[in-house]
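Structure, as structure tokens:
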Amino acid sequence: MAGPVYAGLLSGVIASVISTYWVGGLGAPAVAAVTLAGTVENLLLGLVLVVASGTTVRISHAVGAGDRAAAGRTARAAWRLCALGSLLLAVPGFLLRHPIADAFLDGPAAGLAADYFAIAFPAAGLFFGQRVADELFKGTGDTRTPMRLALLTNALLLLLDPLLILGPGPFPALGVTGAALALTTARALTFAVTLLLRRRHRRTAPPAGGLLPEARRIVSAGASFGLDFTARMGVGTVQLALVASFGVPAVAGYGVGYRVMLVVTMAFYAVRQAAAIEAARLTGAGDTAGLRTLGRDTARLAGTLGAGAAVLCAALAVPVTALFTRDDAVAAQAVGYLRMAGLYVLPYALVVTLGGVLQATGAGRRLVTASLLGLGVQLAAGVALSVPLGVNGLWTGMAVGALTQLILMRLPAPKRRRTPGPVVEPAEPVGAAEPTGQTPLRAPVE
């Protein structure tokens, strides 16, 4: 299950590389504009993840419980949340496109970024809708369809980017605006295919029951995913500012090393998604023993991936860096970062993957608390250690922060004190059902 998820995640990085490659020949302002657009989209992804991840958990829970009606309600509520979220992103984003661009860039770059936003923000619904549709597939255990759809988007970008950005032959050269149009068109065509596939899977009448309570459950289930992601994005921004204090080569080297690490860490997030889907399904089925086994297996797999990544980072730092830069100063910084990352990736792999199990089983608040405290420790340790160790102190701080998060996650949950009172029958968990002993249903959802 994790393999297709990893391929889908990696395709997202490839898509950004494709656009950056074709825009690269237009000059620094164009590259800066497209880079800012990608950064803003990542910042807004926190809101999208609340709905998308919550949908995965709720659908998987319903599938595990064999509750077709609950799966149908979740799907319909997810689409309504998608429509609302798309409006919340598109309208303010379009109206504030110039202030947003001016806040980060100036001169021609700011104008180009605003032009990009004029197309990207109104099309936010395509991005939001695709994420929700992908999670509906994943929630039923189908991770291959989202992977294929992501690959379709990349294939369309490979075709559309050079045509709309550079304008060969009869096509107009639209530059940065062309990059936005190419991405929007690729997403629109992929989303059209997605809707056709979802219609083909629809086999039941609209479920009875209110959608508002289910929408609340989706948001509740996905809130920890969104908060965790947003917190990490915020700390990443602060981390970049700290690295900048050591000069341009340090920033460039960090950029090279960070992109290499994305290929590694996406494997962790692929396992996290797969573990979260399975944990939610087992929770819905009431399989406590299966959950314990899943936790152990996830930890073993994460440990293996993390240890392997640490060895590869140390052994291949020099040849991998040489693929991206010939500047000796930048290469030295990138190699230093990748070698120090060996201290970080093992605990980080465990934090990421086990976090998926915690979130899917309703312990998301505990994970968010551990993440916030650990990220705070990371920044504090990085600043303190950078005094004697220089920029390597920042990389060491990342390892300290990841270890802190892991320790806090593994601490036993505090037991609640119960006050005497009338005996009340325990409420049945939302969407839960008695195990039937049958193979979990692949719930037909919209």
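The values are calculated or read from the model by the stated rules, or taken from the named source; none is laboratory data. Fair warning: this is a prediction, and the values are worked out from it, not measured in the lab. For neighbour counting, all protein chains shown are included, and Cβ atoms are generated from backbone atoms with ideal geometry for every residue, glycine included.
Applying the selection to the range 247-286, what residues are of a type in the set (D, E, K, R) and either within 19 Å of Arg58 (Cα to Cα) or outside any helix (DSSP H, G or I) (or both)?
Arg272, Glu278, Arg281
Filter the range 118-129 down to the residues that are within 21 Å of the chain's Cα centre (by Cα) and in a helix (DSSP H, G or I), then identify the one that is surrounded by the fewest Cβ atoms within 10 Å (Cβ to Cβ).
Within the range 118-129, the match that is surrounded by the fewest Cβ atoms within 10 Å (Cβ to Cβ) is Gly125.
Against the definition (within 27 Å of Arg272 (Cα to Cα), hydroxyl-bearing (Ser, Thr, Tyr) and in contact with a Gly (Cβ under 7 Å, 6 or more places away or on another chain)), how does Tyr344 come out, yes or no?
no
Taking the criterion of being over 18 Å from Val51 (Cα atoms) and not hydrophobic (A, V, I, L, M, F, W, C), would at least one residue in the range 208-225 satisfy it?
yes
Give all pairs with beta carbons closer than 8 Å in which a residue from the range 374-391 that is in contact (Cβ under 8 Å) with a residue 60 or more places away in the chain and on the phi > 0 side of the Ramachandran plot meets a residue that is surrounded by 14 or more Cβ atoms within 10 Å (Cβ to Cβ) and of a type in the set (Asp, Glu); count only pairs at least 6 apart in sequence or on separate chains.
none
Of (1) crowded, with 24+ Cβ neighbours inside 10 Å; (2) closer than 27 Å to Thr140 by Cβ; (3) touching a Gly at 6+ places or on another chain (Cβ under 9 Å), Ala360 satisfies all except one. Which?
Single failed check for Ala360: (3).
Do you know which residues across the range 10-67 are hydrophobic (A, V, I, L, M, F, W, C), surrounded by fewer than 23 Cβ atoms within 10 Å (Cβ to Cβ) and more than 19 Å from Leu112 (Cα to Cα)?
Of everything in the range 10-67, those that are hydrophobic (A, V, I, L, M, F, W, C), surrounded by fewer than 23 Cβ atoms within 10 Å (Cβ to Cβ) and more than 19 Å from Leu112 (Cα to Cα) turn out to be Leu10, Val13, Ile14, Ala15, Leu43, Leu44, Leu45, Leu47, Leu49.
May I ask you to verify whether Thr298 is assigned to a helix (DSSP H, G or I), more than 22 Å from Gly12 (Cβ to Cβ) and without any contact (Cβ under 8 Å) to a residue 40 or more places away in the chain?
no
Scan the range 272-293 for residues that are at pLDDT 90 or above and surrounded by 23 or more Cβ atoms within 10 Å (Cβ to Cβ) and jot them down.
Selection gives nothing.
If I filter the range 333-372 down to residues being β-branched (Val, Ile, Thr) and part of a helix (DSSP H, G or I), which single residue comes out as nearest to Val256 (Cα to Cα)?
Across the range 333-372, the extreme among qualifying residues is Val335.
A quick yes/no check of all residues on (1) free of Cβ contacts under 8 Å to residues at least 24 places away in the same chain; (2) farther than 28 Å from Gly8 by Cβ:
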site	(1), (2)
Ala274	no, no
Glu278	no, no
Gly290	yes, no
Val318	yes, yes
Ala322	yes, yes
Ala329	no, yes
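Those residues that are exposed (fewer than 14 other Cβ atoms within 10 Å of the Cβ) and among the hydroxyl-bearing types (Ser, Thr, Tyr), I need them from the range 303-329; list them, please.
Thr304
All but one of (1) closer than 22 Å to Arg410 by Cα; (2) surrounded by 19 or more Cβ atoms within 10 Å (Cβ to Cβ) hold for Ala334; state the number of the condition that does not hold.
Of the numbered conditions (1) closer than 22 Å to Arg410 by Cα; (2) surrounded by 19 or more Cβ atoms within 10 Å (Cβ to Cβ), the odd one out for Ala334 is (1).
I'd like the residue in the range 115-156 that is among the hydroxyl-bearing types (Ser, Thr, Tyr) and either over 24 Å from Leu87 (Cα atoms) or touching a Phe, Trp or Tyr at 6+ places or on another chain (Cβ under 8 Å) (or both) and, out of all such residues, is modelled with the highest pLDDT.
Residue satisfying both the conditions and the ranking: Thr145.
Going by what's in this entry, would Ala276 be described as out of contact with any Lys or Arg (no Cβ under 6 Å at 6 or more places or on another chain) and more than 23 Å from Leu372 (Cβ to Cβ)?
For Ala276, the condition - out of contact with any Lys or Arg (no Cβ under 6 Å at 6 or more places or on another chain) and more than 23 Å from Leu372 (Cβ to Cβ) - is not met.
Which one is farthest from Leu181 (Cα to Cα) among residues in the range 99-114 that are assigned to a helix (DSSP H, G or I) and either at pLDDT 95 or above or of a type in the set (A, V, I, L, M) (or both)?
It comes out as Ala103.
If you scan the range 294-336, which residues turn out to be of a type outside the set (Gly, Ala, Ser), touching a Phe, Trp or Tyr at 6+ places or on another chain (Cβ under 9 Å) and modelled with pLDDT of 90 or more?
Leu305
Here is a yes/no grid of residues against (1) more than 18 Å from Gly25 (Cα to Cα); (2) surrounded by 22 or more Cβ atoms within 10 Å (Cβ to Cβ):
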{"residue": "Asp102", "(1), (2)": "yes, no"}
{"residue": "Asp106", "(1), (2)": "yes, no"}
{"residue": "Ala113", "(1), (2)": "no, yes"}
{"residue": "Val132", "(1), (2)": "yes, yes"}
{"residue": "Phe137", "(1), (2)": "yes, yes"}
{"residue": "Leu151", "(1), (2)": "yes, no"}
{"residue": "Pro170", "(1), (2)": "yes, no"}
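For the range 226-257, how many residues meet the condition of being closer than 18 Å to Gly54 by Cβ and among the β-branched types (Val, Ile, Thr)?
Counting residues in the range 226-257 that are closer than 18 Å to Gly54 by Cβ and among the β-branched types (Val, Ile, Thr) gives 1.
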